[in-house]
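Participant: The structure's right below; bear with me while I get my questions together.
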Amino acid sequence: MKEYKFYGWQQADVPAAADEYRQIRDPRHLYDLLSEIWCADTCAPRMRDDWTKENRTLGQCSITAFLAQDIFGGDVYGILRPGGNYHCYNVIGDCVFDLTSEQFGGETLSCEDHTEQQREAHFAKEEKRLRYEYLKEELRKRLHGK
């Protein structure tokens, strides 16, 4: 099995729950697909100047976690970061994974003290909703060969 660097990759074996995403085998497969899509345009504006192809998960957490929720179900949780923002990740039953954890380099985040995140609160920011919609549409295009 290919080795990944994102948190929880070893047990990220949940199948797609939504019919429109049945061809996505598991979160590792989603990570592979998104690795070709994440870009400066999908990065949070406050981090965009620091985004690079080498750190492609930078600033992608909430839009990625909510897209993963669309695909696999479960809940999105957040870890409060310095500056008052939340870093988002996914929990589906006993499976916990964070497709964008690589952005922190060697820093290990604790998933013990977390708060459930609501997409309505995140997507109240139009720029975030638009980045999410762009990411979702680009994934759809890749899945359907358009």
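The values are calculated or read from the model by the stated rules, or taken from the named source; none is laboratory data. The model shown is predicted, which means the values in this text are computed figures rather than measured ones. Quick reminder, even Gly has a Cβ in these numbers, built from the backbone with ideal geometry, and neighbours come from all protein chains shown. Quick note on the areas: whole protein, heavy atoms, side chains included, nothing else; ligands and nucleic acids left out. Shrake-Rupley method; radii C 1.70, N 1.55, O 1.52, S 1.80 Å.
Participant: Kindly indicate whether any position in segment 97-106 is closer than 20 Å to Lys5 by Cα, assigned to a strand (DSSP E or B) and not charged (D, E, K, R).
Facilitator: yes
Participant: For segment 67-82, does any single residue satisfy the condition of being closer than 19 Å to Asp41 by Cα and assigned to a loop (DSSP other than H, G, I, E, B)?
Facilitator: Checked against the condition, which is being closer than 19 Å to Asp41 by Cα and assigned to a loop (DSSP other than H, G, I, E, B), segment 67-82 yields no hits at all.
Participant: Something else: Looking at (1) open to solvent by 20 Å² or more (accessible area, probe 1.4 Å); (2) closer than 21 Å to Pro15 by Cβ; (3) more than 13 Å from the chain's Cα centre (by Cα), which is the one condition that is false for Cys95?
Facilitator: (1)
Participant: Further, regarding this structure: Kindly evaluate Thr64 against the criterion of being without any contact (Cβ under 8 Å) to a residue 60 or more places away in the chain, hydroxyl-bearing (Ser, Thr, Tyr) and under 18 Å from Lys136 (Cα atoms).
Facilitator: No; evaluated as a whole, the condition is false for this residue.
Participant: Cβ contacts < 8 Å: first residue under 12 Å from Arg142 (Cα atoms), restricted to segment 24-36; second residue charged (D, E, K, R) and part of a helix (DSSP H, G or I), any location; separation 6+ or different chain. Result?
Facilitator: Note: pairs meeting the criteria are Leu33/Arg142; Glu36/Arg142.
Participant: Considering only segment 112-139, state which residues are free of Cβ contacts under 8 Å to residues at least 40 places away in the same chain, assigned to a helix (DSSP H, G or I) and loosely packed, with under 15 Cβ neighbours inside 10 Å.
Facilitator: Glu120, Ala121, Glu126, Leu130, Glu133, Glu137
Participant: How many of the residues making up segment 48-61 are loosely packed, with under 15 Cβ neighbours inside 10 Å and either more than 10 Å from Gln103 (Cα to Cα) or in contact with a helix residue (DSSP H, G or I) (Cβ under 7 Å, 6 or more places away or on another chain) (or both)?
Facilitator: 5
Participant: Is one or more of the residues making up segment 20-30 in contact with a Cys (Cβ under 9 Å, 6 or more places away or on another chain) and either at pLDDT 95 or above or open to solvent by 30 Å² or more (accessible area, probe 1.4 Å) (or both)?
Facilitator: Yes, segment 20-30 has at least one match.
Participant: Scan segment 73-86 residue by residue and report those that are in contact with a Phe, Trp or Tyr (Cβ under 8 Å, 6 or more places away or on another chain) and either open to solvent by less than 10 Å² (accessible area, probe 1.4 Å) or hydroxyl-bearing (Ser, Thr, Tyr) (or both).
Facilitator: Hits for segment 73-86 are Val76, Tyr77, Gly78.
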